[in-house]
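All remarks here apply to the structure that follows.
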Amino acid sequence: MRVTKARFEKVWTELGLEGAAAPWFDRLMTAYGQVGRAYHNARHLNECLAGFDAARHLVKDAPAVEFALWFHDAVYDSRATDNEERSADLALECLREAGSRDDTRGAKIHDLVMLTKTHQAEPDTDGAVMVDLDLVILGQLWPRFEEYDRAIRREYDWVPAELYAQKRSDVLRKFLQRNFIYRTRLFREKYEAQARSNLVRKLELSKIEGGASVESGVGRQSRGGSCG
């Protein structure tokens, strides 16, 4: 388990932050444990941190990337359109409260969180690693992808099934239309083929179900009821 207080305290120290890290760790755990978070919860954070441990050598500023991961879904409401903005702002609030004087690093952390809104980043940069980590779930073996897929639907259970299926299928196609889903060579080699297989399979299943699948989707590409 990567989501531990000791780990958060470690990155807190690496960033030169002052005061106790524990209250902010507890605040994050409360956020990630909110009712209704079927996917954007502590398990997702743990998977991101696990992926980061395997990709740490790719980044220039590891503490900044890790801190951004801790905060990237701190605010999550499937009905809202500003989750990333509010999560990024919360990270800045934490840094300022903890006495950070490195505005450049703070701005980088803010920008890293914001990249998870569009999942677009320059290849082979710290931002590319951030984006790829958030999309690792797409390249997991089918049973885990399907589990994730159902969890996303539960987070959007307020969206009518037909509209949800339509919007989510649009999102699937947009990912498949990219030259590469993943922005770093490491993640492409490990996950690209499986991710594309998963997305194609889900689209095919949606067609079999008459285009009314309530389980298609790829996560946070949909916000505020758009589902796409």
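The values are calculated or read from the model by the stated rules, or taken from the named source; none is laboratory data. Source: prediction; values computed, not measured. When we count neighbours, we look across all protein chains shown, and the Cβ atoms used for this are built from the backbone with ideal geometry, even at glycine. All accessible areas refer to the heavy atoms of the entire protein, side chains included, with ligands and DNA or RNA removed. Shrake-Rupley method; radii C 1.70, N 1.55, O 1.52, S 1.80 Å.
Residues in the stretch 185-225 that are closer than 17 Å to residue 40 by Cα and either at pLDDT 95 or above or in contact with a Lys or Arg (Cβ under 9 Å, 6 or more places away or on another chain) (or both): 215, 216, 217, 218, 220, 221, 222, 223, 224, 225.
So which residues in the stretch 82-111 are of a type in the set (S, T, N, Q) and open to solvent by 10 Å² or more (accessible area, probe 1.4 Å), if there are any at all? Hits for the stretch 82-111 are 100, 104. Going residue by residue through the stretch 76-86, is there one that turns out to be in contact with a helix residue (DSSP H, G or I) (Cβ under 7 Å, 6 or more places away or on another chain), of a type outside the set (D, E, K, R) and part of a helix (DSSP H, G or I)? The answer is no; no qualifying residue exists. Only a single item in (1) over 30 Å from residue 61 (Cα atoms); (2) touching a helix residue (DSSP H, G or I) at 6+ places or on another chain (Cβ under 8 Å) is not met by residue 133, and it is number (1).
For residue 91, the conditions (1) assigned to a helix (DSSP H, G or I); (2) without any contact (Cβ under 8 Å) to a residue 24 or more places away in the chain are fulfilled apart from (2). Considering the stretch 175-192, and only residues there that are free of Cβ contacts under 8 Å to residues at least 24 places away in the same chain and part of a helix (DSSP H, G or I), the residue that is least open to solvent (accessible area, probe 1.4 Å) turns out to be 188.
Looking at the stretch 40-53, which of the residues that are part of a helix (DSSP H, G or I) and touching a residue at least 60 places away in the same chain (Cβ under 8 Å) is most open to solvent (accessible area, probe 1.4 Å)?
The residue in question is 47.
Here is the figure for the stretch 55-81: residues that are out of contact with any Lys or Arg (no Cβ under 8 Å at 6 or more places or on another chain), free of Cβ contacts under 8 Å to residues at least 60 places away in the same chain and surrounded by fewer than 21 Cβ atoms within 10 Å (Cβ to Cβ) total 4. Condition test on residue 114, is it at pLDDT 95 or above, touching a helix residue (DSSP H, G or I) at 6+ places or on another chain (Cβ under 9 Å), open to solvent by less than 10 Å² (accessible area, probe 1.4 Å) and of a type outside the set (Phe, Trp, Tyr)? Answer is no for this residue. Residues in the stretch 162-174 that are of a type in the set (A, V, I, L, M, F, W, C) and either modelled with pLDDT of 95 or more or open to solvent by 40 Å² or more (accessible area, probe 1.4 Å) (or both): 163 only. Under the condition of being in a helix (DSSP H, G or I) and of a type in the set (D, E, K, R), which residue from the stretch 1-34 is least open to solvent (accessible area, probe 1.4 Å)? Of everything passing the filter in the stretch 1-34, 7 is least open to solvent (accessible area, probe 1.4 Å).
Against the conditions (1) surrounded by 14 or more Cβ atoms within 10 Å (Cβ to Cβ); (2) under 18 Å from the mean Cα position of the chain (by Cα); (3) of a type outside the set (Val, Ile, Thr); (4) outside any loop (DSSP other than H, G, I, E, B), residue 37 satisfies every one except (4).
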